[in-house]
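One structure is given here, and the rest of the page talks about it.
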Amino acid sequence: MRLNVIHETHYSYSSQVVLSQQLLHLTPRALPWQACDAHHLSVEPEPGEFGEGTDFFGNRVARLLIAAPHEELLVRAESTLSVAPREQQALALPQTAWETVRDRVRAPDGAALVEAAGFLYESPHVETWRELAGYGAQSFTRGRGTLEAAFDLTRRIYADFKFDKTATSVSTPLREVLKRRRGVCQDFAHLMIGSLRSLGLPARYVSGYLLTEPPPGRPRLVGADASHAWVAVYCGEAAGWVDLDPTNNCVVDDEHVTLGWGRDFGDVTPMHGVILGGGEHELAVHVTVTPLES
């Protein structure tokens, strides 16, 4: 699949901003299944300082500083990508019992296990507690393969929780999401990550996009009109990481574009920063993902 992604973020301030410093996660990762053929980032007003690099998790980041007074900020990222199918390959991976994976990451003795173990613990947006472990345990019965059980958890979240854009905000606690049984992709990703970590399995938060208008014969996926989020679960040394989308009840395939990953939303917020001045503000975000001819 060849895709074009446009992500526009527009801030309007009630009074002048005299200084703005921003960290952007808007550049897709280069991955075995994903090539970023072109990427362009534009900022208005033009930054006085601009730099690019990678963060702790290997995600591409941009840092900018605007020292000129301004009442609006427009950031536009456009990318052209080639994304290979990976659902069938994921489903064919060797299965390892989830207890075996749990025990291996408790005492990691190799680079892959050490990296995976970093995603075992609570993080600012993901707590672990008994009720959350109990919810996940319904899928992780004794001896069940890790991917099979994780996909069952994906299906259950999809069935048990309602997609509702008005139900939550960035600050809504995970305990409230579990209680109210509604939210958006970010909430469902955090819920699934919390369930997996509560059982002793590594899970990471993946930020990206979905194809806005799918090709003929494919269903339109929920959450395609904004940045999207899903989960990668570590399925053992033979299978590695597998991406699952609880919002859409699917294994992630070539309709998903990966921006980056971290412990939770806070590690890969598309745009995050500090400003001096500005007063009240209005925020508009528009994402468009369209297929291109191969």
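Using only the alpha carbons of segment 87-266, determine the length spanned along each of the three principal axes and report them from longest to shortest in whole angstroms.
Principal-axis extents of segment 87-266 (Cα, largest first): 43, 36, 27 Å.
For segment 1-106, report the % of Cα-Cα distances exceeding 19 Å.
Result: 61 percent of Cα pairs exceed 19 Å.
Add +1 for every Lys or Arg and -1 for every Asp or Glu among the other residues with Cβ under 10 Å from the Cβ of A90, and state the total. Please list the in-between numbers first.
Details: positive: R86; negative: E87, D243, D253.
Charge balance in the 10 Å sphere: -2.
Round to the nearest 10 and give me the degree value, 0 to 90, for the angle of helix 146-160's Cα axis relative to the longest principal axis of the chain.
Once rounded, the angle reads 60 degrees.
Which order, highest average first, do 37-47, 116-126 follow once you tally other Cβ atoms within 10 Å for each residue and take the mean per peptide?
116-126, 37-47
Taking just the alpha carbons, could you work out the radius of gyration and Dmax for segment 198-294, both in angstroms?
Here Rg and the maximum Cα pair distance are 16.2, 53 Å.
What number comes out for the charge environment of H40, summing +1 per Lys or Arg and -1 per Asp or Glu over other residues with Cβ under 10 Å away?
Combined, the nearby Lys, Arg, Asp and Glu give 0.
For the chain, what does -39500 (n - 2.57) per DSSP helix run (n ≥ 4), summed and divided by total residues, give at 222 nm, in deg cm²/dmol to the nearest 500? Please report the intermediate quantities before stating the final value.
On the way: 7 runs with 65 residues, N = 294.
Calculated at 222 nm, the ellipticity per residue is -6500 deg cm²/dmol.
Please arrange Y234, Y11 by counting, for each residue, the other beta carbons lying within 10 Å of its beta carbon, fewest first.
The most exposed by this proxy come first: Y11, Y234.
Tell me the Kirkwood hydrodynamic radius of segment 90-147 in angstroms, computed as one over the mean inverse distance between distinct C-alpha pairs.
13.0
Alpha carbon centre of segment 110-162 versus segment 176-191: separation in Å?
That distance is 14 Å.
Read-outs: derived from the displayed coordinates by stated rules, not from any lab. Model, not experiment: these values are computed from the prediction. Using ideal geometry, Cβ is built from the backbone for each residue, glycine included, and neighbour counts are taken over all protein chains shown.
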